[in-house]
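The values are calculated or read from the model by the stated rules, or taken from the named source; none is laboratory data. Here the structure is a predicted model, which is why all the values come from computation and not from measurement. Neighbour counts are summed over all protein chains in view; Cβ atoms, including those assigned to glycine, are modelled from backbone coordinates with ideal geometry. Surface areas here come from the heavy atoms of the whole protein model, side chains and all, with no ligands, DNA or RNA. Shrake-Rupley method; radii C 1.70, N 1.55, O 1.52, S 1.80 Å.
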Amino acid sequence: MLVMNGRYEDAGHEESGHPERPDRITAAIAGVEDLHLGDDLRAVAPHAATRAELARVHEGTYLDELGAFCYAGGGDLDEDTYATYDSWTIAQYAAGGGLAVIEELRRLNDGVGFIATRPPGHHALRDRAMGFCLLNNIAVAAASLTEQGERVLIVDWDVHHGNGTQAIFWDKPDVMYVSTHQSPLFPGSGAAYEIGGMAALGRTINIPLPPGATGDVIRRAIDEVATPAIAEFEPTWVLVSAGFDSHRDDPMADLALTGGDFAALARTVAGFAPGPGRLAIFLEGGYDLAALRTSVASTIAAVLAGAYDDEPPSSGGPGTEMVHYAQAERLVALRIAQEAASKGDYSA
Amino acid sequence: MKTLTTIAVGFDGSADAKAAVRWAFNLAAQIDAHVVVVHAVGMLGRFEDRDAAKQLEESVRQLSDDCGLDSSRVRLHVANGDACSVLIRVADDPISADLLVVGSRGQGKHPGLLLGSTSLELAEHTTVPLVIVPSL
Ligand SMILES: [Zn+2]
């Protein structure tokens with residue numbers, strides 16, 4: 001059973017020539033339709049996140065300013081990020097989609113969630129928009145779960161580091177954030193030595209990868225660096241920042257993944273969920289429409305154990321040494337921080 | 001007060017940024033400081049044409065000549081990220097700037113709102129003294 005957010009009108013959030021455009025959602029939904037799920041697909045009613053739901057992860061003053069900025073006609077928030085008159089409403093629906101899907105998964109105690117909303121969210125900080133993102137959709141969902149006592153694993157396979165999500169949960173021990181991303185690349189954060197704050201040491205796991213890295217490398221990164229820590233964390237929920245801009249055809253970056261790689265990744269990540277109804281996949285980036293469509297189909301087919309003719313998985317790209325280096329760098333950073341903690345020195 | 005030895009200045013190639021760079025270069029010439037010209041490459045930055053980097057270097061060289069600042073005192077630093085985040089980081093290694101200078105562009109498409117204005121966002125978050133150079 002696939003539980004999806006109901007579609008809301010997002011055409012008003014568009015800037016001429018900008019790659020983050022409404023066609024992306026059409027392509028993602030087409031990817032789901034390609035699977036012909038029939039009764040196995042359930043759409044929940046669209047939900048606009050309330051102020052209280054957003055305020056778990058965003059500053060109230062930022063929410064006020066963003067609303068005012070949009071109603072004043074919008075414009076460029078920075079060199080990458082735009083907002084229009086309609087963006088405030090659309091962003092609230094984008095953030096609310098995850099909440100509605102999770103509520104339905106909890107009710108069913110079964111199924112997998114897929115949240116195809118835009119604008120994307122993982123770059124949005126508590127108090128600032130950036131990298132095409134206005135509100136941090138996955139963070140809003142994760143915060144609603146931790147408030148109910150859940151332990152949430154977020155796996156982020158977007159080609160960019162999810163700096164916003166990392167920052168929001170930096171010092172929160174009930175959220176584990178795992179990111180694979182190309183480096184160097186925007187936003188410049190996501191080094192392996194970024195391991196979480198003193199109250200959440202080791203709860204942030206960053207695995208930077210070089211341009212050209214293939215599926216075998218990224219699977220190795222998850223298996224060797226993240227899986228042991230995830231097992232120890234024992235998540236009760238798993239959320240995915242599924243950015244498909246790590247596909248080899250995406251114009252935004254240079255990783256070399258294929259649909260088959262996303263299928264393999266999705267199967268691995270689904271295995272981290274403790275049972276049915278505990279996995280929700282959030283669309284982040286993905287700017288080549290054909291690649292986005294097939295990658296979504298591969299990902300969803302994989303988690304539903306359905307059939308889809310994936311592109312073959314990729315292998316042989318660079319990055320194995322970088323994964324080993326990241327593991328070493330992470331362990332050193334952990335040891336230094338733990339020693340500092342044992343001495344009561346919280347400045348480290 | 002700590003002596004100003006390293007001045008960081010944001011540079012996106014715009015006329016306002018050039019005014020800020022001139023101001024920083026003139027100050028550096030007076031007090032024998034070094035200047036790090038900082039350029040942020042955003043998410044869309046990879047679509048900039050290939051000559052962009054060369055043009056950037058050329059503009060910086062031209063501006064230092066104009067201001068009579070020895071080129072050995074000037075360094076160009078290009079970093080991935082949004083301008084605000086990249087400029088906030090100039091206080092840290094490897095730049096360790098004592099002062100941050102920016103132009104006033106984007107000083108408010110919507111007056112009274114912080115959003116959309118890099119200089120106002122920086123004023124809120126900077127950990128080193130900030131100079132906002134008005135465009136003329
Ligand atoms: Zn991305």
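Applying a DSSP loop filter and a limit of 15 other Cβ atoms within 10 Å to the trypsin sites (Lys or Arg not before Pro) in the stretch B:1-76 leaves B:K2, B:R50.
Solvent-accessible surface of the stretch A:113-268, taken per residue with a 1.4 Å probe and all protein chains present: 23 Å². Would you mind getting me the FRET efficiency between B:S96 and A:R107? Use the beta-carbon distance for r and R0 = 41 Å, nearest 0.05. That pair, B:S96 with A:R107, gives E of 0.15. In terms of overall dimensions, the stretch A:246-301 has a Cα radius of gyration and Dmax of 11.9, 36 angstrom. Calculated over chain B, the projected area of the Cα convex hull averaged across directions stands at 8.4 nm².
Show me you know the interface measure: the accessible area buried between B and A, both chains summed, probe 1.4 Å, in Å² to the nearest 100. All intermediate terms of the calculation are to be shown ahead of the outcome.
Values: alone 8100 and 13250 Å², together 19140 Å².
Buried: approximately 2200 Å² between A and B.
The convex hull defined by the C-alpha atoms of chain A has an orientation-averaged projected area of 15.9 nm².
Taking N as the number of residues in the stretch A:178-294, what value does Rg over Cα atoms divided by 2.2 N^0.38 Å take? This ratio for the stretch A:178-294 stands at 1.06.
What is the stretch A:1-96 by shape, rounded, prolate or oblate, if you read a ≥ b ≥ c off the alpha carbon gyration tensor as root eigenvalues and call it rounded for a/c under 1.5, prolate for a/b larger than b/c, and oblate otherwise? Oblate shape, in that a/c is at least 1.5 and b/c is the bigger or equal ratio.
Computed over chain A, relative contact order equals 19 percent, with contacts defined as Cα pairs under 8 Å that lie 6+ residues apart. Dipole size of the stretch A:137-196 about its Cα centre, with +1 on Lys/Arg Cβ and -1 on Asp/Glu Cβ: approximately 60 debye, rounded to the nearest 20. Annotation: aspartates and glutamates with alpha-carbon distance below 14 angstrom to B:K18 (same-chain offsets under eight excluded): B:E57, B:E58, B:D65, B:D66.
Averaging 1/r over every pair of different alpha carbons in the stretch A:73-205 and inverting the result gives a Kirkwood radius of 15.4 Å.
Over all pairs of different C-alpha atoms, the stretch B:46-113 has a mean inverse distance whose reciprocal, the Kirkwood radius, equals 14.6 Å.
Electrostatic tally near B:R22: other residues with Cβ closer than 14 Å to its Cβ, Lys and Arg +1, Asp and Glu -1, net -1. Peptides B:87-97, A:85-95 ranked from most to least packed, by the mean per-residue count of other Cβ atoms within 10 Å: A:85-95, B:87-97. Considering only A:H122, A:H47, A:N163, and ranking their Cα positions along the charge dipole of the stretch A:47-181 that arises from unit charges at the beta-carbon of Lys, Arg, Asp and Glu, the one farthest toward the positive end is A:H47.
For the protein assembly as shown, the fraction of 1.4 Å probe accessible surface lying on carbon and sulfur atoms is 50 percent. Looking at the stretch B:1-44, the accessible area is 42 square angstrom per residue; that uses a 1.4 Å probe and ignores ligands, DNA and RNA. Size of the stretch A:90-153: Rg and Dmax of its alpha carbons, in Å, are 12.0, 35. For the stretch B:1-74, the set of chymotrypsin sites (Phe, Trp or Tyr not before Pro) satisfying both a DSSP loop assignment and a count of at most 12 other C-beta atoms within 10 Å is empty.
Take the Cα of A:A52, step 7 Å toward its Cβ, do the same at B:D65, and the gap between the two points is 6.5 nm. Peptide A:58-65 has a mean shielding of 1, counted as Cβ atoms of other protein chains within 10 Å of each residue's Cβ.
Charges were assigned to the Cβ only: +1 to each Lys and Arg, -1 to each Asp and Glu. The resulting dipole of the protein assembly as shown about its Cα centre is roughly 760 debye.
Taking 20 Å² as the minimum loss, tell me which residues in the stretch B:8-52 lose that much accessible area going from the chain by itself to the full protein complex (1.4 Å probe). When all protein chains are present, B:G42, B:M43, B:L44, B:R46, B:F47 each give up 20 Å² or more of accessible surface.
For the protein assembly as shown, DSSP calls about 5 percent of its internal beta bridges antiparallel.
Under a 5 Å amide H cut-off, with hydrogens placed 1.01 Å from N, B:N80 pairs with B:V41 among residues at least 5 apart or on other chains. Averaged over its residues, the stretch A:14-90 has an accessible area of 45 Å² per residue, based on protein heavy atoms and a 1.4 Å probe. The simple Förster model, with R0 at 41 Å and r as the Cβ-Cβ distance, assigns A:E232 and A:D40 a FRET efficiency of 0.75.
Could you tell me the relative contact order of the stretch A:190-298? Use alpha-carbon pairs under 8 Å, at least six residues apart, and round to a whole percent. Don't skip to the answer; put the middle values down first.
Working: 148 pairs, mean separation 30.2, N = 109.
RCO, the stretch A:190-298: 28 percent.
What is the packing order of peptides A:109-121, A:20-32, taking the mean over residues of other C-beta atoms within 10 Å and listing the highest first? Don't skip to the answer; put the middle values down first.
Details: A:109-121: 24.5, A:20-32: 19.9.
For the peptides A:109-121, A:20-32, the packing ranking is A:109-121, A:20-32.
Taking each residue as 0.36 nm, the span from A:V332 to A:H18 lengthens on full extension beyond its C-alpha to C-alpha distance by 108.9 nm.
Buried on complex formation within the stretch A:183-200 (loss of at least 10 square angstrom of accessible surface versus the isolated chain, 1.4 Å probe, ligands and nucleic acids ignored): A:P184, A:L185, A:F186, A:P187, A:G188.
Its residue count N fixes a reference of 2.2 N^0.38 Å for the stretch A:267-340, and the Cα radius of gyration divided by that reference is 1.55.
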